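Structure, as structure tokens:
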Amino acid sequence: MTVKDLSNEERAPKLTLGDRINIIKNHRFFPIIFPLTMLVVLFFLFVALTGGKFLSTTVIKGIFNQSLIIGTLATGVAFIYTTGNVDFSVGSVMGLACVIGALVYQSTGSMVLLIIVTIICGILLMMVNCTMGVTFHIMPAMVAIVAQSIYSALCQTLVGANPLKVDFKTCQALEGNLRYVLFGAYFIACLILYHRTEIGRKLRFIGGNENCAVQTGINKSKTLYLAFLFAGIGVGIAGVFQTLRTANVAQNVGNGMGMNVMLATVLGGMSIFGGTKSNCYAGLIGAITVTILDKGLLMMGVSSTMIQGVRGVIFLLLVFLNSERPKTLPTKQQF
Amino acid sequence: MSLKNLMKKALSFGLAAAMLTACSGGGSASGGESGGSEGGSSASDQKYKIGILEVQLNDESTNRAEYFRNYIGPEYNVEFMFSEAISDLDAALSFLENAADAGCDAIINYYPVKDNTEQLVQKAAELGMVFVENGGRGKANDDTYAAKYDNFAGGFQADQPNTGALFKKWMEENIDTSGEHGYLIATGGAYQGNDQQTQISANMLSALEELYGLKFDLTKEELYQSSSPIDGTNDKGIEVYCYPGTPTANGWLEGLTAALQTGKYDYILTAPNVIGSIGTAVNELETAMNKDFTWIGFGTFGDALKTAISTKDSFGNQTVAMSTVKFTSIVSAMAFAKVYNTLTGHHDVNLVSDGTSVNLFRMNAVTSPEQLEAMSSWDQPDRWVADIDFVNSMITERGGATTNEEFQNNIYKLDYDAIYARLGK
């Protein structure tokens with residue numbers, strides 16, 4: 001009897017197409033590349049469908065303008081989501097920060113103070129949310145529900161019937177360059193902190209396995225405070241962008257934004273339950289994807305009644321392609 | 001399993017792509033419909049595209065879309081693009097940007113933005129679009145109207161004093177002051193500065209003053225501008241209760257029914273549109289308390305008003321004794337004419353000599369099911385109240401108004417009698 005020598009290639013088990021796809025999907029770069037690919041595909045799809053109009057400067061600028069506020073919020077909130085905590089009160093926090101900033105502006109007339117106060121309020125209010133969770137051990141989702149109601153009520157009380165006005169011409173002047181500089185600086189700082197420092201690693205570790213992270217000596221409370229701090233800065237900056245864009249602050253400012261941030265994050269390829277595969281730019285990618293969809297569909301002549309439906313189908317599709325469905329019980333890896 | 005999953009994904013992607021393509025085709029088709037009329041009766045070779053900024057999607061907006069898209073569009077070679085329901089200024093600004101990118105030449109805005117007229121007008125100017133708003137001139141946007149922007153065709157809104165006067169007139173003609181009555185006035189958003197609800201509330205209070213010759217302890221402004229419920233105490237001891245807010249606010253309906261349950265009030269006078277919100281509660285209270293409530297209130301065409309006017313309460317009376325309605329096509333025609341005049345180089349026609357640049361339409365009172373039935377059948381496809389002749393009467397290029405006074409007079413000419421004469425029952 002002769003024994004046939006098998007090469008390594010022959011000895012390896014046969015992989016089905018599905019196995020190969022799963023290998024690709026489980027690659028560590030997949031969550032980064034897939035949403036970006038979808039974004040680029042969508043963009044060029046609309047470029048083709050609109051006969052190149054989608055490449056014009058005004059369209060590109062419009063996409064940036066419309067995704068900036070949600071993108072900034074989502075970039076900040078990614079620090080919280082990474083730890084496995086969900087905070088959807090960020091819209092109300094931003095609203096209240098805007099209101100306080102506008103009130104300070106009305107009494108001082110200083111735009112500089114408006115910007116500083118809005119950012120500081122964003123930070124302080126997020127720290128309050130964090131304290132409720134860390135010190136008083138209230139579930140972050142519960143804190144978010146309560147905080148959302150309280151902050152919205154405060155906004156309504158402080159603003160009253162008429163929106164708080166901020167000088168329109170000053171806002172117009174600041175809207176361009178200041179926003180680019182502020183967003184650029186914040187986004188780069190977040191990228192470095194999140195992906196190139198110990199802080200980011202700790203956040204992901206806590207999100208991936210909290211008990212294990214604590215056992216290795218990570219101070220959970222301190223790390224959570226840091227997460228809420230960076231989120232607070234983002235919320236404050238988003239508040240400044242909001243005020244500059246509309247030149248006034250109405251009592252409903254920020255309403256519903258928390259859910260939009262969540263949606264953008266998921267579309268950007270990150271789980272709102274955090275974990276090791278999290279990143280801080282998913283929200284921005286998601287926000288840009290939503291804006292491109294809205295703008296592209298309108299430019300193609302899709303009627304408003306159809307847009308919501310088409311958008312819903314495409315959202316579902318993106319999430320479907322971007323998600324893992326393990327055969328076991330749902331885990332934090334599942335979107 | 002993996003291959004199956006892959007196929008599922010490919011199929012779903014294909015379906016979405018097909019949907020996208022189909023929708024795109026639909027858009028093109030609608031463009032094509034407009035384009036198809038180019039050789040028809042259009043007076044201008046220039047094709048325009050107008051964005052409609054909607055604040056809510058309801059019967060009225062659907063009717064408006066039908067009127068614009070299928071009636072006005074083919075006649076004037078205009079394509080219309082409609083927004084989703086816009087809930088805040090940021091969304092409104094985004095729609096303006098998107099509309100400009102989609103090739104719109106003008107925006108008709110139904111989102112109430114008195115405090116932000118300037119932002120939207122300037123944004124439209126920056127994007128090269130004409131802008132007209134559903135609203136009027138007030139303290140908050142006075143500077144914008146005064147600035148007379150070249151792209152700002154002004155505002156259009158209901159003649160609010162006239163609307164309020166309709167209620168006052170009904171009260172003066174129908175309330176018997178010899179009996180003992182109490183009045184609950186739902187002032188809605190008057191405390192927030194809502195023009196319409198302010199005028200209606202003020203006229204209701206004014207009617208009571210004149211009917212009874214009474215004097216309120218507080219001024220009428222203090223009563224309807226109160227953000228919390230307040231008694232309108234007066235020298236004649238007539239029970240008057242001003243109740244602010246709208247049914248969307250938590251506890252509003254409960255507060256209203258609690259006030260009615262005190263038994264002090266038998267007249268319900270509502271300034272906001274609550275026809276569809278309180279009818280059932282009022283009828284149930286009537287039965288439970290064996291008390292006949294008389295209700296008059298602001299309304300709009302629709303099933304809610306039809307039910308309220310047609311349904312008899314337990315005392316055999318109409319649930320709503322009187323309401324007001326407007327014809328969507330008249331309002332839409334005014335907005336379109338203002339925009340079209342500016343687009344075709346007749347911007348001056350939009351400017352009122354006193355600088356207000358706001359044109360008004362009048363609402364109509366409806367008091368019986370027969371009257372409502374006739375009016376409901378009018379503003380429908382093929383029976384538009386604002387027909388092409390009416391629209392042309394406001395458009396300079398079509399031989400219509402050459403001054404804003406003419407423009408306004410032509411709108412007022414289309415009153416109930418004129419419509420009845422043309423459309424009948």
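Below is a table of values for the structure above.
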| item | result |
| --- | --- |
| Test item: A:305-316 mean partner chain Cβ contacts at 10 Å | 3 |
| Beta bridge orientation in the protein assembly as shown: antiparallel %, DSSP, nearest 5 | 20 |
| Segment B:Asp143-B:Thr248, length gained on full extension (0.36 nm per residue, minus Cα span) | 34.5 nm |
| Sites B:Ala258 and A:Leu124, calculated FRET efficiency, Cβ-Cβ separation with R0 51 Å, nearest 0.05 | 0.80 |
| Estimated Rh, the range A:68-292: Kirkwood, alpha-carbon pairs, angstrom | 17.2 |
| Per residue accessible area in Å² of chain B, where ligands, DNA and RNA are left out and the probe is 1.4 Å | 40 |
| nm² value of the averaged projected area, convex hull over the Cα atoms of the range A:1-153 | 18.4 |
| Helical segments meeting 15 Å axial Cα length and Kyte-Doolittle -1.0 threshold in chain B (DSSP H) | B:2-36, B:89-101, B:195-212, B:275-289, B:328-343 |
| Normalised contact order of the range B:156-264, rounded percent, pairs of Cα under 8 Å and 6 or more residues apart | 28 |
| Nearest 10 degrees, 0 to 90: helix A:57-82 Cα axis against chain A principal axis | 80 |
| Theoretical FRET efficiency, 1/(1+(r/R0)^6), r = Cβ-Cβ of A:Ser221 and A:Ile33, R0 35 Å, to 0.05 | 0.50 |
| Sorted largest first, extent of chain B alpha carbons per principal axis (Å) | 71, 69, 43 |
| Whole-number percent relative contact order across chain A, with pairs defined as alpha carbons under 8 Å at least 6 apart | 31 |
| Value of relative contact order over chain B, rounded to a whole percent, pairs C-alpha under 8 Å and six or more apart | 13 |
| Inter-site label distance for B:Asn70 and A:Ser107 at 7 Å from Cα along Cβ, in nm | 5.8 |
| Cα gyration tensor category, rounded, prolate or oblate, for the range B:328-399 with a/c compared to 1.5 | oblate |
| Binned Cα-Cα distances of the protein assembly as shown, short to long, each 10 Å bin given as a whole percent | 3, 12, 19, 21, 20, 14, 7, 2, 1, 0, 0, 0, 0 |
| Cα-based shape type of the range B:161-325, given that a ≥ b ≥ c are square roots of the gyration tensor eigenvalues and the cut on a/c is 1.5 | rounded |
| Packing rank of B:225-236, A:231-242, where each peptide gets the mean count of other beta carbons within 10 Å, highest leading | A:231-242, B:225-236 |
| Distance-filtered residues of the range B:142-160 - backbone nitrogen under 16 Å, label point 7 angstrom along B:Thr403 Cα→Cβ | none |
| Residue-averaged beta-carbon neighbours from other chains (10 angstrom radius) around A:166-177 | 1 |
| Three-way shape call for the range A:138-231 based on the alpha-carbon gyration tensor, with the a/c threshold at 1.5 | oblate |
| Fluctuation leader among B:Thr342, B:Thr177, B:Thr144 - chain B, Gaussian network, Cα springs under 10 angstrom | B:Thr177 |
| Two-site label geometry, B:Glu210 and B:Ser310: point separation in nm, points 7 Å out along Cα→Cβ | 3.4 |
| Count of lysine pairs in the range B:161-325 with Cα separation under 30 Å (8 or more residues apart, or interchain) | 27 |
| Cα-projected label distance for A:Ser7 with B:Ala85, points at 7 Å along beta-carbon direction, nm | 6.5 |
| In the B-A interface, the accessible area buried, summed over both sides, Å² (probe 1.4 Å) | 3700 |
| Share of carbon and sulfur in the accessible heavy-atom surface of the protein assembly as shown [1.4 Å probe, %] | 57 |
| Between helix A:282-299 and chain A: long-axis angle, C-alpha atoms, 0 to 90°, nearest 10 | 80 |
| Sites A:Leu178 and B:Asp231, calculated FRET efficiency, Cβ-Cβ separation with R0 56 Å, nearest 0.05 | 0.65 |
| Fraction of beta bridges assigned by DSSP in the range B:161-325 that are antiparallel (%, nearest 5) | 20 |
| B:Trp170 accessible area, 1.4 Å probe, all protein chains in place, Å² to nearest 10 | 30 |
| Above-threshold pairs, the threshold being 18 Å between Cα atoms, out of A:Lys169/B:Lys123; B:Lys139/B:Lys413; A:Lys165/B:Lys139; A:Lys53/B:Lys49; B:Lys47/B:Lys148 | B:Lys139/B:Lys413; B:Lys47/B:Lys148 |
| Choice from B:Gly189, B:Gly179, B:Gly73 with maximal GNM fluctuation in chain B (Cα, 10 Å cutoff) | B:Gly179 |
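The values are calculated or read from the model by the stated rules, or taken from the named source; none is laboratory data. Source: prediction; values computed, not measured. Don't worry about glycine lacking a Cβ; one is built from the backbone with ideal geometry, like all the others, and counts go over all protein chains shown. Accessible surface areas use protein heavy atoms only, side chains included; no ligands, DNA or RNA. Shrake-Rupley method; radii C 1.70, N 1.55, O 1.52, S 1.80 Å.
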